[in-house]
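Note sheet for the following structure.
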Amino acid sequence: MKRWKRNLQARLAGASGSPLLQRWRQLARRERQALSALALFLFAVALYSGLWLPVERSRAEALRHFEQQRELLAYLQARAPEAQALSGRAVVRPAPTDLQRLVTAAAEQQGLAIERLDAEGEGGVQVSLQPAPFVTLLAWFEVLQRQGIRIEEAGLERHGEGAVVARLGLRPMP
């Protein structure tokens, strides 16, 4: 501790001969007070912009994320009974040979026109649909899911107002 104190005193004594310190001593008392106040102000601005603002921004972002997660939790809790009811159902798993027939029948049921239907290896099919309303396409997706068919790939392109052209890769659910 004594060594540290002597080292500090030696440095202060060496600094007394610096031009900056001599210039400081030549300033009038009011000038020194004004410069001290300016230095304090600049320190406060640097502290605010360097520490406080980033912390405040991070806190606000964390609060927004928390609110989003809270809304998601409320949504999931509201849908929990529906999910439990669905989990009790037996999942239908169509045979790969029936996949084309089921896809075609479901599309006709929803009023969708299949432009092209190609068999793919490992029991899958590639389906290209003619332009159809997006809402109808979503209903068809739900029908396919209930029949045990999953959408493995999907390519959707806008075609006019509210209509889409879809190219899908479908497979039976495992």
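What to note about this one:
- Only residues that are surrounded by 13 or more Cβ atoms within 10 Å (Cβ to Cβ) and within 25 Å of the chain's Cα centre (by Cα) were counted in the stretch 155-165, giving 1.
- Residues of the stretch 130-148 satisfying the condition of being more than 14 Å from Ile114 (Cβ to Cβ) and assigned to a strand (DSSP E or B): Pro133
- The residues on offer are Leu63, Leu76, and the sole one that is modelled with pLDDT of 90 or more and open to solvent by 80 Å² or more (accessible area, probe 1.4 Å) is Leu63.
- Counting only residues that are at pLDDT 85 or above and among the charged types (D, E, K, R), the stretch 87-120 holds 5 of them.
- Looking at Arg116, Arg150, Arg171, just one residue is touching a strand residue (DSSP E or B) at 6+ places or on another chain (Cβ under 9 Å), open to solvent by 70 Å² or more (accessible area, probe 1.4 Å) and within 24 Å of Ala83 (Cβ to Cβ), and that residue is Arg150.
- Here Arg6 meets each of (1) within 21 Å of the chain's Cα centre (by Cα); (2) of a type outside the set (A, V, I, L, M, F, W, C); (3) modelled with pLDDT under 90 with one exception, condition (1).
- The residue list Gln84, Gln22, Gln26, Gln33 contains one member that is modelled with pLDDT of 90 or more and outside the structural domain of Val164 (by the TED database), which is Gln33.
The values are calculated or read from the model by the stated rules, or taken from the named source; none is laboratory data. Predicted, not measured: the structure shown is a model, and the values here were computed from it. Glycine also receives a Cβ, built like all others from the backbone with ideal geometry; neighbour counts cover every protein chain displayed. Please note that ligands, DNA and RNA were not included when accessible areas were found on the heavy atoms of the full protein model with its side chains. Shrake-Rupley method; radii C 1.70, N 1.55, O 1.52, S 1.80 Å.
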